[in-house]
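Peer 1: Can you keep this structure in mind? I'll have questions shortly.
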Amino acid sequence: MGLAFVASVAAFLGVLLVVVGFFQARGRKSFAQHRLDILEAYSAPGAESPVPLALREQGSAWAERTRSQLERAGLALKIHEYVALRALTGLIAFLVVLALGGGNALFLLLGVLAGVGGFMLPPLYVRMRISRQARKFNSQLEEMITMVSNSLRAGFGLLQAFDLAAEQLQPPISTELHRLLRDIRVGATLEDALGAMSERVGSYDLDVIITAILIQRSVGSNLAEVLDKVAYTIRERVRLKGEINTLTSQKKLSGLVVGLMPPAIMLIIMAMSFEYMEPLFTTGTGRVLLAIAVGLDIAGIIAIRRIVTIDI
């Protein structure tokens, strides 16, 4: 009866989180925003949204930040869908731990901690996707700058050079260039469109390029030569990052090996004598110790990887 009551309360809290997140993300909409949403609804499934980011209304700070993170990660999720996914993962983690404990009070506390951990898993995945998209975007920047610089030397304008690069390059950089050009076509200035692109991508290298373009438009100079110098700087940063990754790869591998040693030893002991390890899975104290060991092991792997990660 106690377990059923707790499960009911957990389900209620999960639904409540979904509803609160939906209304928090939805906010109040004007007539213009409503018309823009209708325009988006009639777009082809999976196609690029026809509504530029510069034309969308700003919601709450949390909703705007979350929308920006989802866009950077390349995930086609609405805000309320994302909140529902977080609540669902947290609820599942809580119920799984609670079912393993059989209604034990200690496992109720562990279930709450597991629910919080499950609730935080989607943001962790989103950050991983953002990092992956940023690395892929940065790897294409040098080619894009070189192509734009060569186009400028051939007599093209800056927007024509961006259009040519968008047609010849692959996503994600081609997608961002198409969005940049679309913002300009619907009335945004080049400065505003570049600023929106910088906010969407969140790349330091891209910020350097945008800063160079804006300075050139203000004071005047040979933009092709400026972009060549920026491309050289980016190449040197990439080379330096490669050297740092080479020097720290051994430490990263050492951290992974150290983190995998405890489960490997446990599997070896279980293969030799399962009865010796059986209390770790059948008793409440053993399960608690096992959960603590897993948490500490994961924390150690993350700590080692953060120590050897150097940003330049």
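Derivation of every value follows stated rules applied to the coordinates shown; laboratory data play no part. Since the structure is predicted, the reported quantities are computational estimates derived from the model, not experimental observations. Glycine gets a Cβ as well: all are built from the backbone with ideal geometry, and neighbour counts include every protein chain shown.
Peer 1: When a footprinting reagent is the concern and you count Cβ atoms within 10 Å, what order do Phe162, Phe94, Phe274 take, fewest first?
Peer 2: Least to most surrounded, the residues fall as Phe274, Phe162, Phe94.
Peer 1: Evaluate E = 1/(1 + (r/R0)^6) for Leu124 and Val186, where r is the Cβ-Cβ distance and R0 equals 45 Å; express this FRET efficiency to the nearest 0.05.
Peer 2: 0.80
Peer 1: For segment 172-186, just list the computed ³J(HN,Hα) in residue order, Karplus coefficients 6.51, -1.76 and 1.60, θ = phi - 60°, integers in Hz, with x standing in for Gly and Pro.
Peer 2: Values, residue by residue: x, 6, 5, 4, 5, 5, 4, 5, 4, 5, 5, 4, 5, 5, 8 Hz.
Peer 1: Calculate, in whole percent, how much of the Cα-Cα pair population of segment 177-292 lies beyond 17 Å.
Peer 2: Every Cα pair in segment 177-292 considered, those over 17 Å come to 74 percent.
Peer 1: Could you compute the net charge surrounding Ser221? Neighbours are other residues with a C-beta less than 13 Å from the C-beta of Ser221; K and R count +1, D and E count -1.
Peer 2: Here the count lands on 0.
Peer 1: When a footprinting reagent is the concern and you count Cβ atoms within 10 Å, what order do Ile244, Ile234, Ile302, Ile209 take, fewest first?
Peer 2: Ile302, Ile244, Ile234, Ile209
Peer 1: Test of understanding: ordering Ile145, Ile298 by Cβ neighbours within 10 Å, fewest first, what list do you get?
Peer 2: Ile298, Ile145
Peer 1: Now for a separate question. Return the sequence-ordered ³J(HN,Hα) values of segment 226-240 in whole Hz as given by the Karplus equation 6.51 cos²θ - 1.76 cosθ + 1.60 applied to θ = phi - 60°, using x for Gly and Pro.
Peer 2: Here the 3J(HN,Hα) series is 4, 5, 5, 5, 5, 4, 5, 4, 5, 4, 5, 5, 5, 5, 5 Hz.
Peer 1: Another question, if that's okay. Each residue of segment 296-301 in order: what ³J(HN,Hα) in whole Hz does its phi give by Karplus 6.51 cos²θ - 1.76 cosθ + 1.60, θ = phi - 60°, with x for Gly and Pro?
Peer 2: 5, 5, 5, 5, x, 4
Peer 1: Too long at a 32 Å Cα-Cα cut-off: which of Lys136/Lys251; Lys78/Lys229; Lys78/Lys252; Lys136/Lys229?
Peer 2: Going by Cα-Cα distance, Lys78/Lys229; Lys78/Lys252 fall outside the 32 Å limit.
Peer 1: What full-extension length gain, to one decimal in nm, is calculated for Asn150 and Val112 as 0.36 nm per residue of separation minus the Cα-Cα distance?
Peer 2: 7.9 nm
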